[in-house]
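In what follows, a single structure is set out as structure tokens and then discussed.
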Amino acid sequence: MALDEKREKRPPVTPMMIEEEAALRNGSRGLPPGPWAEAAGPRPRTTERHIAVHKRLVLGFAVSILALLAVTMIAVLLSVRFEECGAAADGPPRAGGNGSLSGVARQPPGAGQPPGRPEEDARGGEAAEEEEEEEEEEEWQRRRELPPWARPRLPRHLRPLHYNLMLTAFMENFTFSGEVNVQLEVRNASRYIVLHAHRMHIEAVRVAEDKLAGGVRVARTFFYPQTQVFVVVLNRSLEVQRSYNLKIIYNALIENELLGFFRSSYVLHGERR
């Protein structure tokens with residue numbers, strides 16, 4: 001009888017109580033389902049503020065990469081510019097010759113001078129030759145014409161009829177010596193012989209008409225690196241409709257560039273040849 005009375009004193013279970021108990025189990029702080037429960041529920045971690053921060057970080061990283069690339073390009077351009085300025089400061093090269101190879105082999109001071117001559121005499125001779133070149137260039141400027149060695153193409157007052165070329169290669173130090181004999185036909189009188197040459201050391205130059213008439217004296221020779229030519233200046237003009245023989249003895253390096261007289265190699269069975 002006592003148990004029945006206690007049971008009768010318990011409050012009845014209502015649907016509202018069932019919903020509150022379910023809400024407590026689900027973690028919604030006992031609020032009934034509705035707009036208040038949704039507002040009090042857990043929010044996602046990635047908010048708009050976090051997205052904005054991520055965008056700024058990505059943008060800053062991209063800007064830093066672009067700035068690094070720009071600085072690298074500027075450094076490369078400056079280094080190339082400094083190298084060009086250093087090459088220009090060294091002055092124009094003095095020698096020329098092996099076909100159209102790049103660069104210049106410097107001719108030793110006093111080359112072609114008799115042995116025993118003082119170095120001062122050799123320098124004086126070079127200075128005199130430079131003065132003569134300047135005077136000749138000034139004369140051509142007064143004529144309002146380019147000198148034959150400064151033109152992009154060889155002059156046509158001479159016509160080559162035959163070439164006789166002899167080469168001796170030395171594979172121990174990759175050098176060679178050469179001798180060329182060119183038979184020339186004179187179309188227009190001139191005291192200049194211009195031919196292509198670069199990176200060569202000229203040992204001797206001779207011009208002869210024939211065995212009976214003898215040779216024509218060579219006043220001087222010089223290289224003109226701007227157009228990669230070698231100029232022979234004679235004491236007198238060559239006569240029209242006559243043939244002459246030009247003989248040049250020279251030596252140079254066998255270069256490893258794919259220009260002119262060059263060397264190459266290949267590997268066979270692991271051995272370089």
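The values are calculated or read from the model by the stated rules, or taken from the named source; none is laboratory data. All of these numbers come straight from a predicted model, not from anything done at the bench. We place every Cβ from the backbone using ideal geometry, glycine too, and count neighbours over all the protein chains shown. Ligands, DNA and RNA are stripped out before the accessible areas are found, and what is left, the full protein with its side chains, is counted by its heavy atoms. Shrake-Rupley method; radii C 1.70, N 1.55, O 1.52, S 1.80 Å.
Assorted remarks:
- Residue that is nearest to residue 158 (Cα to Cα) [pool: residues in the stretch 227-260 that are modelled with pLDDT under 90 and surrounded by 17 or more Cβ atoms within 10 Å (Cβ to Cβ)]: 260
- Selection from the stretch 216-255 of residues that are part of a loop (DSSP other than H, G, I, E, B), in contact (Cβ under 8 Å) with a residue 24 or more places away in the chain and touching a strand residue (DSSP E or B) at 6+ places or on another chain (Cβ under 9 Å): 225, 227, 228, 239, 240, 241, 242, 254
- The condition (being among the basic types (Lys, Arg), modelled with pLDDT of 90 or more and either open to solvent by less than 20 Å² (accessible area, probe 1.4 Å) or under 34 Å from the mean Cα position of the chain (by Cα) (or both)) is satisfied by just one residue among 220, 187, 206, 191: 220.
- Candidates 196, 157 - the one that is closer than 24 Å to residue 136 by Cα and exposed (fewer than 15 other Cβ atoms within 10 Å of the Cβ): 196
- Test result for residue 174, open to solvent by 30 Å² or more (accessible area, probe 1.4 Å), on the phi > 0 side of the Ramachandran plot and modelled with pLDDT of 90 or more: yes
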